[in-house]
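Colleague: Okay, handing you the structure first.
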Amino acid sequence: MSLLITGGLVVDPSQNLTAARDVLIAEGKIIALEPPGRLLPEGRQIIAAQGLVVTCGLIDMHVHLREPGEEYKETIASGTRAAAQGGFTAVAAMPNTKPVNDNATTTRFILERAKLTASARVYPVAAVTVGSQGQALAEYADLKGAGAVALSDDGRPVMNALLMRRALEYARTFDLPIISHAEDLHLRADGVMHEGVVSVCLGLKGIPAAAEEVMVSREVALAQLTGARLHIAHVSTAGSVEIIRRAKAAGIPVTAETAPHYFSLTDEAVEGYNTNAKVNPPLRTATDVAAIKAGLADGTLDAIASDHAPHSSLEKDLEFAAAAFGLIGLETSLGLSLKLVHDGHLTLSQLIAKMSTNPARILGVEGGTLTPGAPADLTIIDLQREWQVEVNSFASKSRNCPFQGWRLKGQAVYTILGGKVVWQA
């Protein structure tokens with residue numbers, strides 16, 4: 001049976017469209033977008049979307065699903081249920097699983113598990129180096145052939161600049177973007193939070209902003225040298241935003257993302273030694289938060305990604321220095337990001353571009369558009385729906401969320417994958 005979504009405000013940045021439209025779906029595809037009342041409802045399932053926003057299915061281009069190897073934290077099934085609950089129809093899964101996704105067999109395993117259990121499309125990101133150890137390049141031809149859409153040693157930087165140059169050159173051959181975890185491990189040393197006034201007051205070892213900015217500068221220089229596609233993950237500092245801004249102005253092929261926690265929290269969230277606010281890169285200062293917002297507004301930062309990093313209490317209920325880095329973000333990403341719209345930093349179309357259209361373009365995957373013929377992946381959003389973050393209601397297996405109890409405005413009320421409703425609030 002075909003599905004007709006009626007009366008909603010359709011927002012599709014790929015078509016520069018923000019207007020009332022009815023959307024007709026059949027056989028997993030978008031069939032038509034027409035002004036209200038032109039598509040007949042007879043014999044069709046109806047979703048009445050009056051007062052709601054109908055948009056391209058959200059794509060989170062940076063998540064950790066933990067399968068294979070750490071299924072007690074998250075699985076492809078639970079992680080994609082969390083994605084669907086958050087309004088995401090697709091996620092890009094980072095390779096720091098156990099074993100690392102550095103070979104075609106592991107890539108195929110992830111895709112097979114997704115086919116059997118997932119509530120969202122899963123796009124594997126494979127490792128840049130064998131075991132993400134920064135010693136030898138993985139086999140990019142095999143990885144792309146198996147279904148990898150990008151390369152990253154996320155969680156570990158490629159410290160050897162010559163090896164990173166070779167990686168960019170090799171990846172360019174296969175038109176695969178490299179997603180850089182930009183961090184100088186020597187500058188980071190054994191730091192556990194942002195280096196600044198708060199770290200001094202708490203007596204915790206700090207990670208300077210320069211640890212990120214030095215590596216962002218190096219990566220940009222290597223992208224200019226090689227002409228390869230570079231994507232900077234989880235940008236957190238004002239300096240990084242400015243480096244990327246200048247690189248784009250110079251025509252260097254660089255894109256970049258940030259995460260909701262970098263425009264929603266500062267390092268003050270760590271006070272009380274809150275391990276749920278321990279992330280890498282760390283939460284920064286109010287100045288950095290303002291720069292992240294400005295970078296999103298002017299297009300320096302192309303995408304918003306959750307960096308969903310589930311951990312169990314075994315890794316988080318420890319003294320701060322010993323606790324793992326990372327927070328869960330799939331269920332809160334949209335609500336936190338919509339605050340940028342409510343506060344006037346972004347238009348709704350700009351936000352959808354950063355959470356759907358741009359990630360699809362950067363990764364070279366389907367989605368990010370409601371053009372007739374495209375996969376029927378849609379998110380229907382109630383911009384006015386107020387809700388309270390309650391981690392025990394989340395689909396994720398883990399609970400390491402610093403936003404517990406926050407009241408947010410705006411939520412996905414339907415998530416539609418291939419024309420089928422996979423989540424309904």
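Laboratory data are not the source of any read-out in this text; all were calculated from the coordinates shown. The shown structure was predicted, so the numbers you read here are calculated from the model rather than taken from an experiment. Cβ placement follows ideal geometry from the backbone for every residue including glycine, while neighbour counts extend to all protein chains displayed.
Colleague: Cross-link partners among lysines for Lys293, C-alpha distance below 23 Å, same-chain residues fewer than 8 apart left out?
Modeller: Within the straight-line cut-off, Lys293 pairs with Lys248, Lys278, Lys339, Lys354, Lys409.
Colleague: Please list 3J(HN,Hα) in residue order for the stretch 351-363, calculated via the Karplus relation 6.51 cos²θ - 1.76 cosθ + 1.60 where θ = phi - 60°; whole Hz, with x for glycine and proline.
Modeller: Per-residue couplings from phi come out as 5, 5, 4, 6, 10, 8, 5, 5, x, 4, 5, 5, 7 Hz.
Colleague: What is the distance in Å between the Cα centroid of the stretch 295-328 and that of the stretch 60-85?
Modeller: Centre-to-centre (Cα) distance: 14 Å.
Colleague: Given q = 0.10, 0.11 Å⁻¹, what are the Debye log10 I(q)/I(0) values for the chain, with equal point scatterers placed on the Cα positions and solvent ignored?
Modeller: -0.64, -0.78
Colleague: Whole Å is fine, so just give me how far the alpha carbon centre of the stretch 250-266 lies from that of the stretch 165-230.
Modeller: 13
Colleague: For labels at His342 and Asp175 in the simple 7 Å Cα→Cβ model, what's the distance in nm?
Modeller: Here the answer is 4.1 nm between the modelled labels.
Colleague: Further question on the same structure: Could you work out how much longer the chain between Asn16 and Ala322 gets when fully extended? Use 0.36 nm per residue separation minus the Cα distance between them, nm to one decimal.
Modeller: Here the answer is 105.4 nm.
Colleague: Quick one: 3J(HN,Hα) in Hz for the stretch 83-90, Karplus 6.51/-1.76/1.60 with θ = phi - 60°, rounded, Gly and Pro as x.
Modeller: Result, ordered by residue: 4, 4, 4, x, x, 9, 9, 8 Hz.
Colleague: Pull up all non-local amide H partners of Ile47: gap of 5 or more, or a different chain, and H-to-H distance under 5 Å with H placed in the peptide plane.
Modeller: When sequence neighbours closer than 5 places are left aside, the close amide H contacts are Leu4, Ile5, Thr6.
Colleague: From the phi angles alone, apply the Karplus equation (6.51, -1.76, 1.60; θ = phi - 60°) to the stretch 255-270 and give each ³J(HN,Hα) in whole Hz, x where the residue is Gly or Pro.
Modeller: Per-residue couplings from phi come out as 10, 7, 10, 10, 10, x, 5, 7, 10, 10, 9, 10, 4, 5, 5, 6 Hz.
Colleague: Enter the Cα centre distance for the pair the stretch 407-425 and the stretch 105-159, rounded to the nearest angstrom.
Modeller: Using only Cα atoms, the two centres lie 28 Å from each other.
Colleague: Name the residues whose placed amide hydrogens come within less than 5 Å of the amide hydrogen of Gly410, ignoring near sequence neighbours (fewer than 5 apart) on the same chain.
Modeller: Arg385, Glu386, Trp387
Colleague: Of the DSSP beta bridges with both residues in the chain, give the percent that are antiparallel, rounding to the nearest 5.
Modeller: Of those bridges, close to 50 percent are antiparallel.
Colleague: How much mean residue ellipticity at 222 nm does the chain get from its helices, if each DSSP H run of length 4 or more adds -39500 (n - 2.57) and you divide by all residues, to the nearest 500 deg cm²/dmol?
Modeller: It comes out at -8500 deg cm²/dmol, rounded to the nearest 500.
Colleague: With 10 angstrom as the radius, rank Cys201, Cys401 by how many other C-beta atoms surround their C-beta, starting from the fewest.
Modeller: Fewest-to-most ranking of Cys201, Cys401: Cys201, Cys401.
Colleague: What spacing in nm lies between the two simple spin-label points modelled at Thr371 and Arg108, each 7 Å away from Cα in the Cβ direction?
Modeller: 3.3
Colleague: Calculate how many DSSP beta bridges within the stretch 51-209 are antiparallel, expressed in % of all such bridges and rounded to the nearest 5.
Modeller: Bridges in the stretch 51-209 are about 5 percent antiparallel.
Colleague: Explain nothing, just the number: dipole magnitude of the chain about its Cα centre with +1 on each Lys and Arg Cβ and -1 on each Asp and Glu Cβ, in debye rounded to the nearest 20.
Modeller: Approximately 600 debye in magnitude.
Colleague: 5 Å is the cut-off here: which amide hydrogens, built 1.01 Å from N in the peptide plane, fall below it relative to Thr75, excluding neighbours closer than 5 in sequence?
Modeller: Under 5 Å from the amide H of Thr75: Lys397.
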